[in-house]
Amino acid sequence: MNRLNNLIPLFRRPADDENGFTLLEIVVALAILSLALPALLRAFTEAAKGQALAENRTTALYLLKFRMAAIEAEGYPDIGEADGEFGEDSRFRWRSDVQDVESEEIEGLRLVTVTVIWQERGKERLLSTSTYLADRQMPQEQTQSGQQGNGGGG
């Protein structure tokens with residue numbers, strides 16, 4: 001028991017020990033917090049805006065691929081413009097433009113341009129792609145200019 005009495009003073013705090021924080025420590029901590037907090041809030045806000053922008057662009061890219069695939073699946077498209085929406089209450093719209101490509105070397109070729117349009121932060125944004133589609137029903141020539149019999153060894 002005597003040994004236990006010798007250990008008890010080691011775990012007691014002296015009476016003059018200060019409890020809590022001083023006013024100066026609190027003021028310094030608040031000053032550091034007031035300098036760091038706006039920068040942190042700005043970083044989180046910018047990250048949220050960037051995430052929303054990336055989400056909209058990713059959605060537009062998938063819708064662009066979807067619309068282009070639908071046009072390609074229809075076959076040889078008619079010349080002209082068309083537009084529409086991706087369902088009701090969708091903020092994304094599409095526009096397509098099909099033009100005939102005039103070339104002496106290639107017949108039955110059309111240029112298809114698809115654009116996806118959406119509103120973001122008060123501005124109209126768009127994403128666009130183009131491809132060439134050929135008329136698959138058109139007969140293709142069997143001979144090419146490099147395969148014609150222009151000469152022959154003797």
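The values are calculated or read from the model by the stated rules, or taken from the named source; none is laboratory data. From a predicted model like this one, the values you see are computed outputs, not experimental measurements. As a convention, Cβ positions derive from the backbone with ideal geometry for all residues, glycine included, and neighbour counts pool all protein chains shown.
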Original post:
Across the stretch 116-137, which residue is surrounded by the most Cβ atoms within 10 Å (Cβ to Cβ) among those that are over 18 Å from Glu55 (Cα atoms) and of a type in the set (Gly, Ala, Ser)?
Top reply: Ala134
Original post:
Using beta carbons and a limit of 8 Å, which pairs, at least six apart or on different chains, have the first residue in the stretch 87-112 and touching a residue at least 40 places away in the same chain (Cβ under 8 Å) and among the aliphatic types (A, V, I, L, M) and the second one surrounded by 13 or more Cβ atoms within 10 Å (Cβ to Cβ) and part of a strand (DSSP E or B)?
Top reply: Val112/Ser96; Val112/Asp97; Val112/Val98; Val112/Leu133
Original post:
Out of Ala73, Ala48, Ala39, which single residue is on the phi < 0 side of the Ramachandran plot and either surrounded by 10 or more Cβ atoms within 10 Å (Cβ to Cβ) or among the hydroxyl-bearing types (Ser, Thr, Tyr) (or both)?
Top reply: Ala48
Original post:
Across the stretch 96-115, what is the number of residues that are outside any strand (DSSP E or B) and surrounded by fewer than 13 Cβ atoms within 10 Å (Cβ to Cβ)?
Top reply: 5
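Residues checked against (1) in a loop (DSSP other than H, G, I, E, B); (2) polar (S, T, N, Q); (3) surrounded by 12 or more Cβ atoms within 10 Å (Cβ to Cβ):
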site	(1), (2), (3)
Thr58	no, yes, no
Lys65	no, no, yes
Pro77	yes, no, yes
Gly84	no, no, no
Gly87	yes, no, no
Trp94	no, no, yes
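Taking into account only those residues within the stretch 10-48 that are assigned to a helix (DSSP H, G or I) and at pLDDT below 90, which is nearest to Leu127 (Cα to Cα)?
Restricting attention to the stretch 10-48, the residues satisfying the condition of being assigned to a helix (DSSP H, G or I) are 10-11, 23-48.
Pick out the ones that are also at pLDDT below 90 and you get 10-11.
Details: Leu10: 73, Phe11: 71 Å.
Ranking the qualifying residues of the stretch 10-48, first place goes to Phe11.
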